[in-house]
Amino acid sequence: MSQVPDDLLYTKEHEWIRIEGSKAYIGITEYAQKSLGDIVYVEMPNIDDEFESGEEFGTIESVKAVSPLYLPVGGRVIDFNQELKDRPELVNEDCYDEGWLIRINVRGEEGQEDLLSADEYEEFLKES
């Protein structure tokens with residue numbers, strides 16, 4: 001079974017989000033990175049780009065496929081993980097900490113009602 005930290009929220013598209021007040025970190029889950037295989041490139045949005053909940057904000061490329069990345073909640077990009085330019089494999093090595101993708105200013109509650117707790121996400125993985 002994949003690791004599913006309790007302090008994060010999840011989407012059915014296998015992104016995670018760590019909400020800290022009005023800001024949030026976003027990445028992909030262990031299940032997603034294992035399914036993709038070796039990550040070779042991550043296409044990031046620009047600082048100040050704004051996205052709606054569920055909107056595609058970038059792509060992640062592995063040796064197997066190119067997959068879209070979806071924003072779990074609405075917000076404006078305030079930072080992205082610069083380390084991934086030179087070391088995209090960080091997503092494989094530590095997807096929940098050093099392999100985070102972007103940081104956003106969260107816009108209200110948009111999309112938060114659709115997020116899954118760790119237990120709900122684990123249940124979702126069992127059913128898929």
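The values are calculated or read from the model by the stated rules, or taken from the named source; none is laboratory data. Quick caveat, the model's predicted, so the values are computed rather than measured. Every residue, glycine among them, receives a Cβ derived from its backbone with ideal geometry; neighbour counts consider all protein chains shown. For the accessible areas, the whole protein counts, side chains as well, though only heavy atoms, and no ligand, DNA or RNA atoms are used. Shrake-Rupley method; radii C 1.70, N 1.55, O 1.52, S 1.80 Å.
Here are some notes:
- Filtered by the rule that a residue be among the β-branched types (Val, Ile, Thr) and closer than 14 Å to residue 125 by Cβ, the stretch 2-36 gives 4, 11, 28, 29.
- Output for the stretch 78-128, where each listed residue is open to solvent by 40 Å² or more (accessible area, probe 1.4 Å), touching a residue at least 40 places away in the same chain (Cβ under 8 Å), closer than 28 Å to residue 40 by Cα and part of a loop (DSSP other than H, G, I, E, B): 89, 100
- Restricting attention to the stretch 5-17, the residues that are touching a residue at least 24 places away in the same chain (Cβ under 8 Å) and within 13 Å of the chain's Cα centre (by Cα) add up to 9.
- The set of residues in the stretch 10-45 being of a type in the set (A, V, I, L, M) and in a loop (DSSP other than H, G, I, E, B) consists of 44 alone.
- Restricting the stretch 44-67 to residues that are among the polar types (S, T, N, Q) and free of Cβ contacts under 8 Å to residues at least 60 places away in the same chain, the residue that is surrounded by the fewest Cβ atoms within 10 Å (Cβ to Cβ): 46
- Per the conditions (1) within 22 Å of residue 115 (Cα to Cα); (2) in contact with a helix residue (DSSP H, G or I) (Cβ under 7 Å, 6 or more places away or on another chain), the sole criterion not satisfied by residue 75 is (2).
- A single entry from 70, 41, 25 fulfils the requirement of being in contact (Cβ under 8 Å) with a residue 60 or more places away in the chain and either open to solvent by 10 Å² or more (accessible area, probe 1.4 Å) or over 15 Å from the mean Cα position of the chain (by Cα) (or both): 25.
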